Amino acid sequence: MKRNAVYLLSVCLLLLPLAGCKSLSHPEYELMVTLAPGVTGTPASGVHTYIDLEEVAYKYTPVNSQHTVEVMIDDEHEDAESTLIIYHDTVLVARLFDARGSWKVTAIDDANSNSVEFTITFSGSDILGGTFSDSRGYHGTWDGIDGTFNFRYSDFEAFAYTGTCHDMSGTYANGSATGTWSATKVGE
């Protein structure tokens with residue numbers, strides 16, 4: 001019995017210096033948050049430290065309720081309000097959605113599943129709307145207000161597309177013709 005007690009005491013004495021060792025604690029990672037002008041929410045801009053596997057809630061809203069907030073976590077689109085699990089250094093950017101620029105659009109007809117691809121360029125003096133032209137030579141107007149994105153052709157029958165700013169996808173209609181669409185920003 002005495003021998004087991006001595007052995008146990010020896011093991012404890014050997015492990016005691018390791019008890020204060022940082023390597024035995026949970027690793028810490030940084031969450032670098034950048035809020036663009038026109039966006040409010042939490043966590044605030046700055047560098048925040050969290051332990052490994054900590055769940056962090058975030059929520060961002062636009063100052064102008066007509067705008068849409070776009071959240072990028074490590075360059076991936078995410079919801080404006082959600083949670084994330086910290087397991088590495090992470091970069092979060094919350095900014096106002098701006099559709100201006102070129103997008104590759106894929107549209108699929110509901111009736112026959114035929115798809116068509118084209119590039120569309122949205123322009124305007126404001127991030128809430130403006131005009132567009134596509135690679136086929138057609139034109140129209142667009143708006144992206146409060147999370148909803150619409151673009152309507154003015155010289156290509158009555159095609160009207162509606163969807164969400166968050167994932168740039170939705171449905172389209174032209175009389176009885178209907179379908180779905182999705183878009184990816186060129187260069188991303």
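Restricting attention to region 174-188, which residues are within 15 Å of the chain's Cα centre (by Cα) and either hydrophobic (A, V, I, L, M, F, W, C) or closer than 17 Å to N114 by Cα (or both)?
Matches in region 174-188: A183 only.
This table checks each residue for (1) more than 24 Å from the chain's Cα centre (by Cα); (2) surrounded by 15 or more Cβ atoms within 10 Å (Cβ to Cβ); (3) over 14 Å from S182 (Cα atoms).
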residue: Y138; (1), (2), (3): yes, yes, yes
residue: D146; (1), (2), (3): no, no, yes
residue: F151; (1), (2), (3): no, yes, no
residue: D155; (1), (2), (3): yes, no, yes
residue: F159; (1), (2), (3): yes, yes, yes
residue: T162; (1), (2), (3): no, no, no
residue: D167; (1), (2), (3): no, no, no
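Given the options I86, I120, I127, I73, name the one that is surrounded by 15 or more Cβ atoms within 10 Å (Cβ to Cβ), of a type outside the set (F, W, Y) and either at pLDDT below 95 or over 30 Å from G41 (Cβ atoms) (or both).
Every option except I120 fails the conditions.
Test each condition in (1) closer than 30 Å to Y58 by Cα; (2) surrounded by 15 or more Cβ atoms within 10 Å (Cβ to Cβ); (3) modelled with pLDDT of 95 or more for G101 and report the one that comes out false.
The failed condition is (2).
Enumerate the pairs (first residue in region 39-54 and assigned by TED's automatic domain parsing to the domain that holds I73; second residue anywhere and of a type in the set (G, A, S) and surrounded by 13 or more Cβ atoms within 10 Å (Cβ to Cβ)) with beta-carbon separation below 6 Å, excluding pairs fewer than 6 apart on the same chain, so at least 6 apart or on different chains.
V39/A94
For region 59-116, give me the residue count where each residue is of a type in the set (A, V, I, L, M, F, W, C) and touching a Pro at 6+ places or on another chain (Cβ under 7 Å).
Result for region 59-116: 2.
Can you tell me which residue in region 169-188 is nearest to F122 (Cα to Cα), limited to those that are among the polar types (S, T, N, Q) and free of Cβ contacts under 8 Å to residues at least 40 places away in the same chain?
S169
Suppose we filter S113, S102 for residues that are of a type in the set (G, A, S) and without any contact (Cβ under 8 Å) to a residue 60 or more places away in the chain; which single one remains?
Numbers: S102 fails: without any contact (Cβ under 8 Å) to a residue 60 or more places away in the chain.
Just one listed residue meets the conditions, S113.
Counting only residues that are surrounded by 13 or more Cβ atoms within 10 Å (Cβ to Cβ) and either acidic (D, E) or in contact with a Lys or Arg (Cβ under 8 Å, 6 or more places away or on another chain) (or both), which one in region 48-70 is nearest to Y29 (Cα to Cα)?
D52
With the requirement that a residue be more than 23 Å from G147 (Cα to Cα), among the acidic types (D, E) and touching a Phe, Trp or Tyr at 6+ places or on another chain (Cβ under 7 Å), what does region 39-90 give you?
D52, D89
Is it the case that L35 is among the aliphatic types (A, V, I, L, M) and modelled with pLDDT of 60 or more? Outline the logic, then answer.
On the way: among the aliphatic types (A, V, I, L, M): yes; modelled with pLDDT of 60 or more: yes.
Yes, satisfied.
The values are calculated or read from the model by the stated rules, or taken from the named source; none is laboratory data. These figures come from a predicted structure and were not determined experimentally. Quick reminder, even Gly has a Cβ in these numbers, built from the backbone with ideal geometry, and neighbours come from all protein chains shown.
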